[in-house]
Amino acid sequence: MNTLPHSRYSMLDVDEAPETPGLYAWYVSFRASPHDWKMQPSPQGDQAIEGFLRLLRRYAGYHEPLPITLRGRGSYGTTWEGDLALDTPLRQPEEEADPLSAQDDKRLEILMGSLDSQERRRVMATILEMASPVFSAPLYIGVAENLRERLRTHRRDFTKAYEWLREHPEDAAEVRAKGKTFGARAAARDMTMRQLEAWVIDLGDQEDDAVTLKHLRHTAQSAEWLLHRLYAPILGRQ
């Protein structure tokens, strides 16, 4: 059985991607250093526990879906409208409108128990670092006639949005919800280039007399459409 060549590139080194047609998917990887998981003694106990939990919450926030807007009509022509947001114990505390449910409180307690020593935190960091992309959902799936140029475009969009948000942090929520490009939406979620990596499927060697470049393009576009519906990438366009 023939296999298609595939490889991965950090957003920092997309200049090394092939100049060929193909498909690609962006993932955000978990990053932790010994400073994050090693014990930090204090009079209040090991400060590294709360610090590591903040790291987990930040990473979970990268994958949090946007609120869903619901609208309905009631009697006498009244309209009901509101947003539903995902309720999870890993949301940042300042974003929580209501206290945790008893079930979520228990889950958070179990999670905290798995972080109560530096060795357990090291193991958790190792698992999460290895999980992308084997266990993680893609942030974005795309198709390109020239993979290198397409990934460079994403990097330019990210850089432009990052620089804008550094000067206009009040726009982050708007860009996160309505940013026109993947790069902008990723920057608004406070990701870094070092964390973002693209896995690509290179279709360059699939062209022959039976499968023309036009055939490849149509097949890749069909595959992209299907993959969007199978995996629902969180930063894809609806």
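The values are calculated or read from the model by the stated rules, or taken from the named source; none is laboratory data. Predicted, not measured: the structure shown is a model, and the values here were computed from it. Here the Cβ positions follow ideal geometry from the backbone for every residue, glycine too, while neighbour counts run over all protein chains shown.
Some observations on this one:
- Identity of the residue in the stretch 169-197, more than 15 Å from Asp157 (Cα to Cα) and not charged (D, E, K, R), that ends up surrounded by the most Cβ atoms within 10 Å (Cβ to Cβ): Gln195
- Restricting the stretch 21-56 to residues that are at pLDDT 90 or above and of a type in the set (Ser, Thr, Tyr), the residue that is nearest to Ser222 (Cα to Cα): Tyr24
- Test for Arg121: is it in a helix (DSSP H, G or I) and at pLDDT below 85: no
- No other residue among Ile201, Ile234 is in contact with a strand residue (DSSP E or B) (Cβ under 9 Å, 6 or more places away or on another chain), over 18 Å from Ser10 (Cβ atoms), hydrophobic (A, V, I, L, M, F, W, C) and crowded, with 17+ Cβ neighbours inside 10 Å apart from Ile234.
- Taken together, Pro43, Pro34 contain a single residue that is touching a helix residue (DSSP H, G or I) at 6+ places or on another chain (Cβ under 9 Å), exposed (fewer than 11 other Cβ atoms within 10 Å of the Cβ) and not polar (S, T, N, Q), which is Pro34.
Here's the yes/no breakdown for (1) farther than 30 Å from Gly204 by Cβ; (2) touching a residue at least 24 places away in the same chain (Cβ under 8 Å); (3) assigned to a loop (DSSP other than H, G, I, E, B); (4) assigned by TED's automatic domain parsing to the domain that holds Arg107:
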| site | (1), (2), (3), (4) |
| --- | --- |
| Pro18 | no, yes, yes, no |
| Ser42 | yes, no, yes, yes |
| Phe52 | yes, yes, no, yes |
| Leu56 | yes, yes, no, yes |
| Gly61 | yes, yes, no, yes |
| Tyr76 | yes, no, no, yes |
| Trp80 | yes, no, no, yes |
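- The residue pairs whose first member lies in the stretch 116-135 and is without any contact (Cβ under 8 Å) to a residue 24 or more places away in the chain, whose second member is small (Gly, Ala, Ser) and surrounded by fewer than 18 Cβ atoms within 10 Å (Cβ to Cβ), and whose beta carbons are closer than 9 Å, counting only pairs six or more residues apart or on different chains, are Arg120/Gly113; Arg120/Ser114; Val123/Ser114.
- Residue, farthest from the chain's Cα centre (by Cα), within the stretch 147-163, restricted to residues that are exposed (fewer than 15 other Cβ atoms within 10 Å of the Cβ) and touching a residue at least 12 places away in the same chain (Cβ under 8 Å): Glu149
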